[in-house]
Amino acid sequence: MVQKAQTVLITGASRGIGAATALAAARQGYDVVVNYARDQAAAQQVVETIAQLGRRAVAVQGDVGQADDIARLFAEAEAALGPISALVNNAGITGPIGPFSQTTDATIERVFQVNVYGTMQCCRAALASFSRNGQAGVIVNVSSVAARAGSAHEYIHYAASKAAVETFTIGLAREIAASGVRVVAVAPGSTLTEIHATAGEPDRPARVAPKIPLGRLANPEEIADTIVWLLSPAASYITGAVVPCAGGL
């Protein structure tokens, strides 16, 4: 359990891994900022569930691909729940599944805007918050096993964006280690979320499961538990690392 009241801001927390992480963090004693881009109702449901667990929570809209939204997100989060002590950069998009030759410029730009630029700018905002409030905070960036696999014939651009997130994580962690702030990444494998349907292939889980050594996709809660463990004092000597949670891949 968290030793004293702490607040974690989780981007893209209205569904999937983000929502599962919000609930897992609340169970461990965190107050939670539930960021969402569009689905206010889903975000509010997460907030209500956290309240039932006895923790404080607030839903804050913001597109992490937009710099102005990020500044507002952190300002509203601190106004509602006080200083931020942890950040989980979970928000991410793939764009449609397909060969790279058919991937549009707009898709590539949007994926990098959200997955890479958004992660970097949220980290910058979090570091400013930690410094301003005297927090030796923790940042967990959500990557993907795709960063190593390359995702040929599916979404190479997405894989490349996650590889950028991992390199950024390592560099930032080493740059600021002396401050006491830890920065780590989690690289999930295929997980049972809406991401497959959103990418245009709702039956993808059945197609990819046989390729996974454990023979199945992850449940969001399994990824969430890994993220929350990395936030905790139990992981106090881990920084600049990318932790795979991919069923053996």
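The values are calculated or read from the model by the stated rules, or taken from the named source; none is laboratory data. Predicted model only: the values in this text are computed from it and were never measured. We place every Cβ from the backbone using ideal geometry, glycine too, and count neighbours over all the protein chains shown.
Here is a check on your reading of the model: is Arg207 at pLDDT below 95, over 15 Å from Ile139 (Cα atoms), basic (Lys, Arg) and in a loop (DSSP other than H, G, I, E, B)?
Values: at pLDDT below 95: yes; over 15 Å from Ile139 (Cα atoms): yes; basic (Lys, Arg): yes; in a loop (DSSP other than H, G, I, E, B): no.
Considered against the rule, which asks whether it is at pLDDT below 95, over 15 Å from Ile139 (Cα atoms), basic (Lys, Arg) and in a loop (DSSP other than H, G, I, E, B), Arg207 comes out as no.
Quick test of your reading of the structure: Ala246 fulfils all but one of (1) crowded, with 21+ Cβ neighbours inside 10 Å; (2) among the hydrophobic types (A, V, I, L, M, F, W, C); (3) in contact with a strand residue (DSSP E or B) (Cβ under 7 Å, 6 or more places away or on another chain); (4) at pLDDT 90 or above. Name the failing condition by number.
The single condition Ala246 does not satisfy is (4).
Quick check on the stretch 19-57: of everything there that is surrounded by fewer than 20 Cβ atoms within 10 Å (Cβ to Cβ) and touching a helix residue (DSSP H, G or I) at 6+ places or on another chain (Cβ under 7 Å), which residue is nearest to Ile139 (Cα to Cα)?
So, considering only residues that are surrounded by fewer than 20 Cβ atoms within 10 Å (Cβ to Cβ) and touching a helix residue (DSSP H, G or I) at 6+ places or on another chain (Cβ under 7 Å), the one nearest to Ile139 (Cα to Cα) is Gln28.
What number of residues in the stretch 138-161 are in a loop (DSSP other than H, G, I, E, B), small (Gly, Ala, Ser) and surrounded by 24 or more Cβ atoms within 10 Å (Cβ to Cβ)? Spell out how you get there, then give the answer.
Going residue by residue through the stretch 138-161, those that are in a loop (DSSP other than H, G, I, E, B) are 143-145, 150-155.
From the residues that got through so far, the ones that are small (Gly, Ala, Ser) too are 143-144, 150-152.
Checking which are surrounded by 24 or more Cβ atoms within 10 Å (Cβ to Cβ) leaves us with 143-144.
Here the count works out to 2.
Please enumerate the residues belonging to the stretch 213-249 that are of a type in the set (Ser, Thr, Tyr) and either within 18 Å of Gln135 (Cβ to Cβ) or in a helix (DSSP H, G or I) (or both). Don't jump to the end; show me each part of the working.
The first filter runs over the stretch 213-249 and keeps only residues of a type in the set (Ser, Thr, Tyr), leaving 226, 232, 236-237, 239.
Answer for the stretch 213-249, where residues must be of a type in the set (Ser, Thr, Tyr) and either within 18 Å of Gln135 (Cβ to Cβ) or in a helix (DSSP H, G or I) (or both): Thr226, Ser232, Ser236, Thr239.
Hey, any hits in the stretch 172-183 for a residue that's of a type in the set (Gly, Ala, Ser) and touching a Gly at 6+ places or on another chain (Cβ under 8 Å)? So that I can check it myself, show each step before the final result.
Let us first name the residues in the stretch 172-183 that are of a type in the set (Gly, Ala, Ser), namely 173, 177-180.
Restricting the remaining residues to those that are touching a Gly at 6+ places or on another chain (Cβ under 8 Å) gives 173, 177.
Yes.
Mind listing whichever residues of the stretch 9-18 are buried (at least 23 other Cβ atoms within 10 Å of the Cβ) and either farther than 21 Å from Ala218 by Cβ or more than 11 Å from the chain's Cα centre (by Cα) (or both)?
Taking the stretch 9-18 as the starting set, the residues that turn out to be buried (at least 23 other Cβ atoms within 10 Å of the Cβ) are 9-14, 17-18.
Leu9, Ser14, listed by residue number.
In the list Ala164, Ala147, Ala177, Ala126, which residue meets the criterion of being more than 30 Å from Gly98 (Cβ to Cβ), within 16 Å of the chain's Cα centre (by Cα) and touching a residue at least 40 places away in the same chain (Cβ under 8 Å)? Lay out the reasoning, then the answer.
Working: Ala164 fails: more than 30 Å from Gly98 (Cβ to Cβ); Ala147 fails: more than 30 Å from Gly98 (Cβ to Cβ); Ala177 fails: within 16 Å of the chain's Cα centre (by Cα).
Matching residue, one of Ala164, Ala147, Ala177, Ala126: Ala126.
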